[in-house]
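Here is the structure we will look at.
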Amino acid sequence: MKKTIFTLMASAAVTAAVVLAPGVAQAEPLPSGCKSGINGATPPEAYAYCTGGGGYVRVYVTCAKGSAKKRVAGPWKVNAGEDRISFAHCPSSYPKPVAHSYDIKR
């Protein structure tokens, strides 16, 4: 009888530990409704942002000087709050932005 009660109590403790385990988070949805572009600022800057989900977004801009090109990455931005837009600028050595894109992650 004592062994049966002990087994039941141990089983309940393991179940509670699994259900209540700290650090086990629900899957956060990926960012959605993401857009990137190049604005008309002086100098121009590339931007990327997302309108839904969680996670992070980052902009990339391809900059050119003649036929030479360089890809520049903006910072990762948390897809929440007012500071959610990632910006990137072309360096003076490659002053013309010719393409833009973005990447997302959880």
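Annotations
- Evaluation of T62 against (1) of a type outside the set (D, E); (2) touching a residue at least 24 places away in the same chain (Cβ under 8 Å); (3) more than 15 Å from P44 (Cβ to Cβ) (one fails), failing number: (3)
- P75 meets all of the listed conditions (1) buried (at least 16 other Cβ atoms within 10 Å of the Cβ); (2) at pLDDT 95 or above; (3) not in a strand (DSSP E or B) but one, namely (1).
- Here is the figure for the stretch 53-98: residues that are basic (K, R) and in contact with a Cys (Cβ under 8 Å, 6 or more places away or on another chain) total 5.
- Selection of the stretch 36-72 for residues being in a strand (DSSP E or B) and exposed (fewer than 12 other Cβ atoms within 10 Å of the Cβ) yields G52, A68.
- Total residues in the stretch 33-59, condition over 20 Å from the mean Cα position of the chain (by Cα) and touching a residue at least 40 places away in the same chain (Cβ under 8 Å): 2
The values are calculated or read from the model by the stated rules, or taken from the named source; none is laboratory data. Only a predicted model underlies this, so the values are computations on that prediction, with no experimental measurement involved. As a convention, Cβ positions derive from the backbone with ideal geometry for all residues, glycine included, and neighbour counts pool all protein chains shown.
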